[in-house]
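The values are calculated or read from the model by the stated rules, or taken from the named source; none is laboratory data. Remember, predicted model here, so these are calculated numbers, not experimental data. Neighbour counts are summed over all protein chains in view; Cβ atoms, including those assigned to glycine, are modelled from backbone coordinates with ideal geometry. Quick note on the areas: whole protein, heavy atoms, side chains included, nothing else; ligands and nucleic acids left out. Shrake-Rupley method; radii C 1.70, N 1.55, O 1.52, S 1.80 Å.
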Amino acid sequence: MYTYSVLKTHMVKHSSNRRSFMKASGTAGVALSIGVTGCLGEEDTPTPDSDDDDGNGTSANGNGGNGGTDSLSVGFSHYPVIPHGLPLTVGMEEGFFEDNGVSVDDIVSTDGGGGGVRTITTGDIEVGMSPPNATAQAFNQGAPLHIVGMATAVPDIDYQTRVDSDIEEIQDVETIAVTDPASSGEANAVLSIEAADGISLDDIEFLYTGGLGEVMSAVREGIADVGLNTNPTSTEMLRNEETRRVWHTRDYVEEYTEDILSMGNIILDQEPELARGFLQGWIDSSEWIHDNVDEAGRLWAAEADFDEELAIAGLEDTQPEAFFQIGMSEEFADNLERVLQFDGTLEEDEELEREELFRDEYLPEEYQSDWL
C-alpha cells in the first residue's frame, strides 16, 4: 500500500493590486471531515532514489523488466485525495497501463503549486500531474518540462463560504483563501473574477494557507470571505450544510483545469514508446470511467479510504465525461497565458512559447491539437 505526503507552507496574504505579502495569524489548520489529513501532509513518502538522473528533467527507466512492460515512476499532486488522478488508479487496477506496455512502479504524492513540478525536475520521476501554471512557470525558467496532455479538461474547483455569511455572489467577495501561489485555486479564482461583471482583481486579496484544511479554517474563522474547495470534500460539506457555494469556476470559465500531465525531455526524446504507452493507458482509463462511474467511484473510495457513496457523488459532480479528456484546446492555452501574466511570469503583452511548452505528438492523432 502506498503512503502519500505533501508539503505545507505558511499562511500569507497577497493583494493583487499592491502585490504585497504578510503573515496571517490566528488560523489553525484543521482536518477535513472526511479524514484526509494523512493524505495532506502527516505521513512522509520519500522520492524514489535516482541512479540515472543527470539533472536534465527526469530519467527514463526503460528496463522492460515486468513481463514485457517498461516501468516508470509518477509524481501526482494530492494523489489519491482529489479525483484528478483517478485514471491512474483505474489504469493500475484494470490493467490499462500494462496493456500498453507500461508498469507504474512508484507514486509520489505532492502538494499543489510547485511541489508537483519539483518531483519531475529534480527526481527520478518520468510523468507528473501538476497545475498547469506551475508547470508553465518552471518551463519559462528553463526547466526541461512539457505539458503533454490534460489530466482533466474542465474545472472542478468551486468557492464556498460559511452558511451564515452575507456573501451571496462573486461580486460580494474581497478575500479568497487558496492553498499556494501559482496553485490551481488561485488560477481558477483569477479567471473567474476576470470573467465576472461588476468585480475586478483590484478588489481582491488572496490568502495562501498551504492546505485545503487550512483554507476551510480561514473561511470558518472569517479571515477569508470564500475559500476554494474540490471534490469529494466540496460535495460532502455542501450536503452537510457546513458551507454554501458562492460560485463554481465552470460558471465563468470552462476551458481551464487544475491539473495537466507533464513529462521531461528524457522520456520524450529517448523513450517515446514509454510516453505513448502511458498516455494511451490514461486515455483507456478515462474512457472506462465515462462508462463505469459508480465502479470508478468505488475504486477511488478504496484507494483514498473514502465513503463509497460520497466518492461516487463527488465523482458525478465533476461531470466525468467532460472532466476526463486529454486533448488540449487553444482556449485552455489562452487562459493559461492570462494566468501567467497575472502572476508575473509573463509580461502583460508577452505570449507563451506554445510550440515548445505543449508537446502532444505522443497522443493518438485524434487527440492532437490543430492549433499548435
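Of everything listed in (1) touching a helix residue (DSSP H, G or I) at 6+ places or on another chain (Cβ under 6 Å); (2) buried (at least 21 other Cβ atoms within 10 Å of the Cβ), the single unmet condition for residue 93 is (2). On the stretch given as the stretch 179-208, residues that are over 26 Å from residue 110 (Cβ atoms) and either acidic (Asp, Glu) or free of Cβ contacts under 8 Å to residues at least 60 places away in the same chain (or both) total 11. In the stretch 110-126 there is at least one residue that is among the charged types (D, E, K, R) and under 16 Å from the mean Cα position of the chain (by Cα). Pairs meeting the criteria (first residue in the stretch 89-107 and free of Cβ contacts under 8 Å to residues at least 24 places away in the same chain, second residue open to solvent by less than 50 Å² (accessible area, probe 1.4 Å) and assigned to a strand (DSSP E or B), beta carbons under 6 Å, at least 6 apart or on different chains) are 92/104.
Show me the strands (runs of 3 or more DSSP E) entirely contained within the stretch 116-162 in which 3 or more residues are under 19 Å from residue 188 (Cα atoms).
Strands (runs of 3 or more DSSP E) meeting the threshold: 145-150, 158-162.
Select from the stretch 251-278 the residues that are over 27 Å from residue 190 (Cβ atoms), in contact with a Pro (Cβ under 8 Å, 6 or more places away or on another chain) and open to solvent by less than 10 Å² (accessible area, probe 1.4 Å) and list them in ascending order. Result: 264, single match. Residues that are in a helix (DSSP H, G or I) and of a type in the set (Ser, Thr, Tyr) were ranked within the stretch 168-205; the one that is surrounded by the most Cβ atoms within 10 Å (Cβ to Cβ) is 184. Of all residue pairs spaced 6 or more apart or on separate chains, those with beta-carbon atoms under 8 Å, a first member in the stretch 128-150 that is farther than 16 Å from residue 85 by Cα and a second member that is open to solvent by 10 Å² or more (accessible area, probe 1.4 Å) and in a strand (DSSP E or B) are 139/146.
The number of residues in the stretch 314-328 being crowded, with 17+ Cβ neighbours inside 10 Å and touching a residue at least 60 places away in the same chain (Cβ under 8 Å) comes to 9.
Of these, 303, 255, 241, which one is in a loop (DSSP other than H, G, I, E, B), under 25 Å from residue 134 (Cβ atoms) and of a type in the set (D, E, K, R)?
The conditions single out 255.
Looking across the stretch 261-300, the residues that are without any contact (Cβ under 8 Å) to a residue 60 or more places away in the chain and part of a helix (DSSP H, G or I) come down to 269, 287, 290, 291, 293, 294, 295, 297, 298. Residues that are open to solvent by 10 Å² or more (accessible area, probe 1.4 Å), farther than 16 Å from residue 257 by Cβ, among the polar types (S, T, N, Q) and not assigned by the TED database to the domain that holds residue 341: does the stretch 214-223 have at least one? Within the stretch 214-223 (the criterion being open to solvent by 10 Å² or more (accessible area, probe 1.4 Å), farther than 16 Å from residue 257 by Cβ, among the polar types (S, T, N, Q) and not assigned by the TED database to the domain that holds residue 341), the answer is no, since none of the residues qualifies.
The rows are residues; the columns are (1) part of a helix (DSSP H, G or I); (2) over 16 Å from residue 135 (Cα atoms); (3) at pLDDT 95 or above.
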| site | (1), (2), (3) |
| --- | --- |
| 328 | no, no, yes |
| 332 | yes, no, yes |
| 335 | yes, no, yes |
| 344 | no, no, no |
| 348 | no, yes, no |
| 360 | no, no, yes |
